[in-house]
There are 2 protein chains.
Amino acid sequence: MPDSNSNILRLRRLGIDTHTENIVFMRADCQVCRSEGFTANTRVSVNHGSHHIIATLNVITSDIIQPGEAVLSEEGFRHLHAQEGDLITVTHLRPILSFSEVRAKMFGRKFNEEAIQRIIADITQGLYSKIEIAAFVTVCSGDNLGLDEVIYLTRAMIESGSRLQWKEKMVVDKHCVGGLPGNRTTPIVVPILAAAGLTIPKTSSRAITSPAGTADVIETMTPVDLTLEQIKEVVKKEGGCMAWGGAVKLSPVDDIIISVEKALDVDSAGQMIASVLSKKAAAGSTHTVIDIPVGQTAKVRSKEEAFLLEYYFRAVGLAIGMEVEVLITDGTQPVGKGIGPALEALDVLSVLRNEAAAPTDLRDRAVQLAGLTLEVAGLAPKGAGFEKAMGILQSGAALEKFYRICAAQGGFQEPVASPLQHEVVAMSSGVVRSIDNRKLAKVAKLAGAPKSPGAGIRFQAPLGRYVKKGELLFTIYSESQGELSYALNYLHSSGHIVELVSP
Amino acid sequence: MPDSNSNILRLRRLGIDTHTENIVFMRADCQVCRSEGFTANTRVSVNHGSHHIIATLNVITSDIIQPGEAVLSEEGFRHLHAQEGDLITVTHLRPILSFSEVRAKMFGRKFNEEAIQRIIADITQGLYSKIEIAAFVTVCSGDNLGLDEVIYLTRAMIESGSRLQWKEKMVVDKHCVGGLPGNRTTPIVVPILAAAGLTIPKTSSRAITSPAGTADVIETMTPVDLTLEQIKEVVKKEGGCMAWGGAVKLSPVDDIIISVEKALDVDSAGQMIASVLSKKAAAGSTHTVIDIPVGQTAKVRSKEEAFLLEYYFRAVGLAIGMEVEVLITDGTQPVGKGIGPALEALDVLSVLRNEAAAPTDLRDRAVQLAGLTLEVAGLAPKGAGFEKAMGILQSGAALEKFYRICAAQGGFQEPVASPLQHEVVAMSSGVVRSIDNRKLAKVAKLAGAPKSPGAGIRFQAPLGRYVKKGELLFTIYSESQGELSYALNYLHSSGHIVELVSP
């Protein structure tokens, strides 16, 4: 029984959703606040049986909760494995010792391996507040991490989660560094390689700062929240899968860090490499092909930067025992026509179905990546991979495999674009000289992507095309008038997205 | 009337205290969430008449609020000038453009003056979330800010708040860089200088990472939450005041930044200089004396570091038109005996009262600083300031002035130490060779300082003293058993605080 001399409280549930952060609500006059000296925003330990969580305290001065009660956010109930009416204790937090390593890094000291292991272990356990994670993300941003630190971070992230084991000696994977709207090759590459007999347990991310992550796109066609067991079954049956990585806790700490990177709209090279390779390693991959699109408005802006990333990817791969091949590709304009989950999925299906109107740029990129992987895997001689991969696509074998993988994952459905549309037309006639991919992505995000899967942009004005005044440049899709207005406001205040010049 | 097709909601008050962060609670099925696409943790704009605030959205799935209602945290009600029952609208946040400058700084670009002005203006307006401020604090930490950037930051912080005007041509001030427990010279220096006829509108901070800030100490004896008008009156009447800077919005952005620095337990040189000098400039000071204690466990650890800080202080002073003198002092051990607000106040009173048991180290430091200021102000020849200041103290004129200032600020009261005490004694006999000030401060903080004004430490074992086994080293004071336990747990796990060696 909660009594007034203990720090025991009875849990109440008010259905408060605070996303990833645990919040505990306690009365200001509660005996625990008084005896322990807790005030609003104190970080506290909430204990229930053998489970403990760290939560931020919100203090309540009204009677919505009774003396002796505490309310947890929904996340808190989940993490604590608790039910309404359960008894908890609330105690002081011990100082998080590993954060002193983050502080030392602010002052220019390098991380050693043990420091990074301790930080990642503490973040995984939920000991860091969001502002502490923000500081960690910031000290790791830019070129603040050396190669050794990226290797430590990668290893620590691999250790933070589950790891898949395969009986096959060779397990392949691919990853695109991103930043290029519409560059959705995964749902084409996976079925080509699986149809060729390779094992490819592909997990993808949701969007960090872009209008769509690969997992968001695939989810408009088939479930991606697979358990580890389901992934194993799908891959055993079909050779490949297309799952969301976050659902299987292959690198759970990555999702925590990414939620802060997303809020800051930052993702740094060192953390990106550790994030990518740790997930590949945890998925059991032995051979990985990385696509790095380069362009003024892509994530990677110069060849030099791409070469440096290539070096880091290969060197970190070596350190963790993985063969990594890098393909540096053209990132000057969007790939395909769609930007946003469903709109990109429509492009993907069009390629897999070998439709005449299918975007050839998306098809050729996917086939190039699949071809290189076939070569790396020894299934095609050097230089012959492209042709072999194209054959698998054009024969319809890739489409059939795609449907079979979707069926194994829970079924296939056609993706659907949002109902509200706004057409953006050329204000004058001219040839498309440049496209600002960053602004384009921003418009798609303000329109609701990826939260609303049908929202985004269908882009119709590739580089070099001559467009007449009044002709369509792109269409914005949105679920709600509010979001469409925000996209249009930004569009009107942001200057050129498509630059036209006299031919 | 809230209707189901608008984004108007009616405010309810549930007395939820979330400290400095605005939180808005809305139903998951609310028309605004649905039409605007809001989900948990979205940052939104809450609008009421001509007032707007940025708030973090918590989504509620129970019936504690009705359709058409929204709940604000208490801070939200205050900032929005709203009452229960008022109608509000909730809309999307426009992107915070200045944060792209913080992002650029992560990638190594320097801030220019306009960038810092925009960032500080946006933080002042409450547009930045805590994690965005954490990123800003982190990119400004260590030696990441150059002299030019510190000057821009100082100017931007001066512009962010009110500024005091005085008819006197010369207005003096003092500041201690801190990190030295018990170094509470302000309430001694101010009355000495005011008694000498100088104008010293002193504002002090509360603790950032230490067990007590000067404002916390003075508050145990007299009110420090003065308005600008009250400060002007007190100074007009008595020549000096001892107020909390945060209450008068002389540099309001500083308090926002400091709350995050406090959570991260970080305060960086550049931000510290900007924080200190912006407050002095805003208070109208023309001449400022800075005390920099140097010692292995003080905030500044080496003479070199102190010299660099001295250079920055003087150069930034020059840029903003302020004469700055620096006094580098011994920071190898705590000053006085008390560590914590009331315990330090007891030392101060003992010095002002010229008691035989008064700590001479605290007295001599205060007199030295007051003396240097008398010299800088031309009230004493070079080298004769110390003697003049000591004369004012020993004559009782400083004590009388202190009481008069307290009376003008709202009255004087005797400070009171906390009731729970624990004595820490020597485990062996020996001479005190070193004292770990950082660990000592940590113990005082875990014991409850500065939140509990009576909590902290009374320290009895200065460097060089011979102590017998079992003799008292220091006493821990605490308001609650919980806090005392945490202090003792840390004490037992943290190794030596006082190092004894055979004589």
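The values are calculated or read from the model by the stated rules, or taken from the named source; none is laboratory data. Keep in mind it's a predicted model, so treat the numbers as computed, not measured. Please note: Cβ atoms are built from the backbone with ideal geometry, for glycine as well, and neighbour counts cover all protein chains shown. Note: accessible area is taken over every heavy atom of the protein model, side chains too, but ligands, DNA and RNA are not part of it. Shrake-Rupley method; radii C 1.70, N 1.55, O 1.52, S 1.80 Å.
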Tell me the distances, shortest first, between B:V416 and the same position across the other copies, using label points 7 Å along Cα→Cβ, in nm to one decimal.
-> 6.9
Ignoring ligands, DNA and RNA, how do B:E114, A:E132, A:E113 rank by accessible area with a 1.4 Å probe, largest first?
-> B:E114, A:E113, A:E132
Projected onto the charge dipole of segment B:351-503 (unit charges on the beta-carbon of Lys, Arg, Asp and Glu, signs +1, +1, -1, -1), the Cα from B:S395, B:L372, B:C406 with the largest positive-side position is that of B:L372
Could you tell me the accessible area of A:T124 in Å² (1.4 Å probe, neighbours in place), rounded to the nearest ten?
-> 50
Against the longest alpha carbon principal axis of chain B, how many degrees, from 0 to 90 and to the nearest 10, is the axis of helix B:397-409 turned?
-> 20
How many partner chain Cβ atoms sit within 10 Å of a residue's Cβ in peptide A:94-101, on average, as a whole number?
-> 2
Place +1 on the Cβ of every Lys and Arg and -1 on the Cβ of every Asp and Glu in segment A:18-131, take the dipole about the Cα centre, and give the residue among A:S129, A:P67, A:T18 whose Cα lies farthest towards its positive end.
-> A:S129
With DNA, RNA and ligands ignored, accessible area of A:R433 (1.4 Å probe; Å², nearest 10) | 150
Antiparallel content of DSSP bridges confined to chain B, in %, to 5 | 55
Kindly give the distances from B:S494 to its copy-mates, label point to label point, with each label point 7 Å from Cα along Cα→Cβ, as nm values to one decimal ordered shortest first.
-> 5.0
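Return one whole number: the accessible area per residue of segment A:60-181 in Å², for a 1.4 Å probe.
41
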Quick one: putting +1 on the C-beta of Lys and Arg, -1 on the C-beta of Asp and Glu, what dipole do you get for chain A around its Cα centre, in Debye to the nearest 20?
-> 620
Of A:A104, B:C241, A:Q117, which is farthest along the charge dipole of the protein assembly as shown in the positive direction, counting Lys and Arg as +1 and Asp and Glu as -1 at C-beta?
-> A:A104
Specify the inter-centroid distance of segment B:203-273 and segment A:189-225, based on alpha-carbon positions, in whole Å.
-> 54
Averaged per residue, the 1.4 Å probe accessible area of segment B:184-266, protein heavy atoms only, in Å², is roughly 27
Hey, with R₀ at 25 Å, roughly what FRET efficiency would A:E414 and A:Q481 work out to, going by the Cβ-Cβ distance, to 0.05?
-> 0.50
If the cut-off is 25 Å between C-alpha atoms, which lysines fall inside it for A:K167, apart from same-chain ones fewer than 8 positions away?
-> A:K202, A:K232, A:K236, A:K237, A:K249, A:K279, A:K280, A:K401
Nearest-20 debye value, the protein assembly as shown charge dipole, Cβ charges on Lys, Arg, Asp, Glu | 900
Accessible area, probe 1.4 Å, largest first, for residues A:H287, B:H19 = B:H19, A:H287
Determine the calculated [θ] at 222 nm for chain B from helices alone, applying -39500 (n - 2.57) to every DSSP H run no shorter than 4 residues and normalising by the residue count; nearest 500 deg cm²/dmol.
-> -12000 deg cm²/dmol
Nearest 10 degrees, 0 to 90: what angle lies between the long axis of helix A:252-264 and the longest principal axis of chain A (Cα atoms)?
-> 80
For the protein assembly as shown, the accessible surface attributable to carbon and sulfur atoms (probe 1.4 angstrom, ligands and nucleic acids excluded) amounts in percent to 51
Which residues of segment A:468-497 show a drop of at least 50 Å² in accessible area when all protein chains are present, compared with their chain alone (probe radius 1.4 Å, heavy atoms only, ligands and nucleic acids excluded)?
-> A:Y486
Go ahead and run the numbers for FRET between B:Q83 and B:R301, Cβ-Cβ distance against an R0 of 56 Å, rounding to 0.05.
-> 0.60
Any chance you could check the Cα centroid distance between segment A:463-503 and segment A:305-343 for me, in angstrom?
-> 28
Once you put a point 7 Å from the Cα of B:E159 and another 7 Å from the Cα of A:E114, both along the Cβ direction, what distance in nm separates them?
-> 4.8
Label point distance in nm, A:M427-B:L318, each placed 7 Å from Cα along Cα→Cβ | 4.9
Candidate residues A:Y490, A:Y311: accessible-area rank, largest first, probe 1.4 Å | A:Y311, A:Y490
Calculate how steeply helix B:341-352 sits against the longest principal axis of the alpha-carbon atoms of chain B, using the helix alpha-carbon long axis, and give the answer as 0 to 90 degrees to the nearest 10.
-> 40
Quote the FRET efficiency, to the nearest 0.05, computed for B:D63 versus A:A28 with a Förster distance R0 of 25 Å and r equal to the Cβ-Cβ distance.
-> 0.55
Determine the total buried accessible area between chain A and chain B, counting protein heavy atoms only with a 1.4 Å probe; round to the nearest 100 Å².
-> 4200
Please give the residues from segment B:117-158 for which the solvent-accessible area of heavy atoms, probe 1.4 Å, is smaller by at least 40 Å² with all protein chains in place than with the chain isolated.
-> B:I131, B:T138, B:G142
Inter-probe distance in nm under a simple model that places probes 7 Å from Cα toward Cβ, at B:S395 and A:E168 | 9.3
Area of B:E74 that stays accessible when all protein chains are in place (1.4 Å probe, Å², to 10) = 30
Cα-centred dipole magnitude for segment B:420-501, charges only on beta-carbon of K, R (+1) and D, E (-1), debye, nearest 20 = 200
